[in-house]
1. Scan the stretch 12-29 residue by residue and report those that are open to solvent by 20 Å² or more (accessible area, probe 1.4 Å) and either assigned to a loop (DSSP other than H, G, I, E, B) or in contact with a helix residue (DSSP H, G or I) (Cβ under 7 Å, 6 or more places away or on another chain) (or both).
2. Could you tell me which numbered condition Gly74 fails, if it satisfies all but one of (1) more than 10 Å from the ligand (Cβ to nearest atom); (2) out of contact with any helix residue (DSSP H, G or I) (no Cβ under 6 Å at 6 or more places or on another chain)?
3. Failed condition for His93, given (1) farther than 22 Å from Thr12 by Cα; (2) open to solvent by less than 50 Å² (accessible area, probe 1.4 Å); (3) within 16 Å of the chain's Cα centre (by Cα), with all others met?
4. On the basis of being open to solvent by 70 Å² or more (accessible area, probe 1.4 Å) and within 14 Å of the ligand (Cβ to nearest atom), does Arg86 make the cut?
5. Filter the stretch 36-71 down to the residues that are surrounded by 15 or more Cβ atoms within 10 Å (Cβ to Cβ), under 19 Å from the mean Cα position of the chain (by Cα) and part of a loop (DSSP other than H, G, I, E, B) and list them by number.
6. So for the stretch 107-121 (the condition being surrounded by 13 or more Cβ atoms within 10 Å (Cβ to Cβ) and among the acidic types (Asp, Glu)), does at least one residue qualify?
7. Are any residues in the stretch 1-60 within 14 Å of the ligand (Cβ to nearest atom), hydroxyl-bearing (Ser, Thr, Tyr) and farther than 26 Å from Arg86 by Cα, and if so, which ones?
8. Quick check on this structure: which one of Glu156, Glu149 is surrounded by fewer than 20 Cβ atoms within 10 Å (Cβ to Cβ), within 25 Å of Glu2 (Cα to Cα) and among the acidic types (Asp, Glu)?
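The values are calculated or read from the model by the stated rules, or taken from the named source; none is laboratory data. For clarity, every value in this text was computed on a predicted model and none was experimentally measured. Note that each Cβ is placed from the backbone with ideal geometry, even for glycine, and that neighbours are counted across all protein chains shown. These area figures cover heavy atoms from the full protein model, side chains too; ligands, DNA and RNA do not enter into them. Shrake-Rupley method; radii C 1.70, N 1.55, O 1.52, S 1.80 Å.
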Amino acid sequence: VESPVLDAGCGTGNTALFFAARGREVTGIDFVEEALQRARAKALARGLTAEFLLRDAMTLATWDRRFASVIDSGLFHVYHGDDQRRYVAGLHHVLQPGGRLFLFSFTADDEHPEDGVSPRRLADIFSPGFRIESTRITQGELNPAFVAETPDAYPEGGPPMIFAVIRRTE
Ligand SMILES: C[S@@+](CC[C@H](N)C(=O)[O-])C[C@H]1O[C@@H](n2cnc3c(N)ncnc32)[C@H](O)[C@@H]1O
């Protein structure tokens, strides 16, 4: 994960701080101020530097910042339809050409087609302008920051999750 890094929908900052602790220059955005305050307090308590900004992820296309990496852990799957397309256009805008999106999401299944992301849906929505470099589906959480923070979150293995690395190509 190359700097500068954007953590979109950073919540209380676990993922952002995981990468800040590994020397990355990280900006987290969320539209819930209370979550950002908790993230800033955690950074202070851990002696880490990271920027936490109040920003609606639906407005990325109007932002003048650019990032080599964007991490989305648990945000993408809350969007559907046009909102999903708008969010993806915003991701394209804030990613430097050649930059990569690291996406952690629940996967869709036949029972819950709207509740997550399927590889086919990813291929459809991240085209053109992106190339999907890898997708991995496993049972349980794939975000190393989440696992480090809450190792016992899914004692029974957890839901099927997808981890995709998606590059902005043009
Ligand atoms: C499931 S949580 C994931 C939090 C964190 N990324 C993690 O992995 O622990 C989703 C987060 O996205 C934020 N969020 C949802 N919609 C948003 C939007 N339009 N703009 C910014 N943040 C948003 C929520 O406030 C919440 O903190």
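1. Thr12, Asn14, Phe18, Ala21, Arg22, Gly23, Arg24, Glu25, listed by residue number.
2. For Gly74, the exception is condition (1).
3. Every condition holds for His93 apart from (2).
4. Yes.
5. If the condition is that a residue be surrounded by 15 or more Cβ atoms within 10 Å (Cβ to Cβ), under 19 Å from the mean Cα position of the chain (by Cα) and part of a loop (DSSP other than H, G, I, E, B), then Ala50, Arg55, Trp63 are the ones that fit.
6. yes
7. Result: no residue meets the conditions.
8. The unique qualifying residue is Glu149.
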